[in-house]
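Student: Structure provided below as structure tokens; questions to follow.
The values are calculated or read from the model by the stated rules, or taken from the named source; none is laboratory data. In this text the structure is predicted, and so the values were computed from the model without any measurement. These area figures cover heavy atoms from the full protein model, side chains too; ligands, DNA and RNA do not enter into them. Shrake-Rupley method; radii C 1.70, N 1.55, O 1.52, S 1.80 Å.
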Amino acid sequence: MRLSLHNRQGGHLDTERFYRAVYYAGSGWNFLASVPTFFLVGILPAMLQIDPPLYPIFIYFNLMTMFLFGCIQFTVARNLSTSRPYVKILIWSKLLTVGIFMGGFFLLSIPRGLIEFLAPGMFLDLIFGILFWCSLRVISPTISDLPVAEAAAPH
């Protein structure tokens, strides 16, 4: 199935190619952020001039989750037309990550080095979350996304 959208001036936008590239870029971002950091967990606190975490296992869990979200984004990019439920999960994950970071920024005492390390990634996650949300407008809803009355109506 080919996704497309026409702009107000009547021109054609190749949205399938654009959003496929967005999801591939998002998966690449998650892979590039998680895999190298996995090997830096032991020395990262010294690099950032912060105290080491008491339980680094939680850092590894977080990195594993980032990697798995990268896998989901890669899968979505390969088949946009059937990935709408996964896109919703990705939107929530990106926006909640940014929300939790912002909440921590304003409500907790986070070392400056950690904020400087995480802030660019949070900005990218916000951009990807918005782009993923925009992609829902062009990805056809599945039967499970439709209201019950509409899904049951004969077409």
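Student: Taking the solvent-accessible surface of protein heavy atoms with a 1.4 Å probe, what is the per residue accessible area of the range 55-102 in Å²?
Tutor: 60
Student: Follow-up. In whole Hz, with x marking every Gly and Pro, tabulate ³J(HN,Hα) for the range 92-108 from phi via Karplus 6.51 cos²θ - 1.76 cosθ + 1.60, θ = phi - 60°.
Tutor: Listing the rounded values in order: 4, 5, 5, 6, 5, 4, 5, x, 5, 4, 5, x, x, 4, 8, 10, 10 Hz.
Student: Still on this structure: Given just the C-alpha atoms of the range 28-120, how large is their convex hull per residue in cubic angstrom?
Tutor: On the way: hull volume 9.3 nm³, N = 93.
Residue-normalised Cα hull volume stands at 100 Å³.
Student: Using a 1.4 Å probe and ignoring any ligands, DNA or RNA, find the accessible area of ILE43 and quote it in Å² to the nearest 10.
Tutor: Looks like 90 Å² after rounding.
Student: Share of the range 22-71's accessible area from carbon and sulfur, percent, 1.4 Å?
Tutor: Of all accessible area on the range 22-71, carbon and sulfur atoms account for 77 percent.
Student: Ignoring ligands and nucleic acids, what accessible area does THR75 show with a 1.4 Å probe (Å², nearest 10)?
Tutor: Accessible surface of THR75 is approximately 80 Å².
Student: Follow-up. How much accessible surface area, in Å² rounded to 10, belongs to the heavy atoms of MET64 with a 1.4 Å probe?
Tutor: Answer for MET64: close to 100 Å² accessible.
Student: Scan around ILE110 for amide H atoms under 5 Å from its own, H built in the peptide plane at 1.01 Å from N, and keep only partners 5 or more places away or cross-chain.
Tutor: The list, which skips near neighbours in sequence, is empty: none.
Student: Here is a follow-up. For SER83, SER140, write out the residues from largest to smallest accessible area, computed with a 1.4 angstrom probe and no ligands counted.
Tutor: SER140, SER83
Student: Whenever you get a sec, compute what percent of the accessible area on the range 79-124 sits on carbon and sulfur atoms (1.4 Å probe).
Tutor: Numbers: 2180 of 2930 Å².
Carbon with sulfur: 74 percent of the solvent-accessible area.
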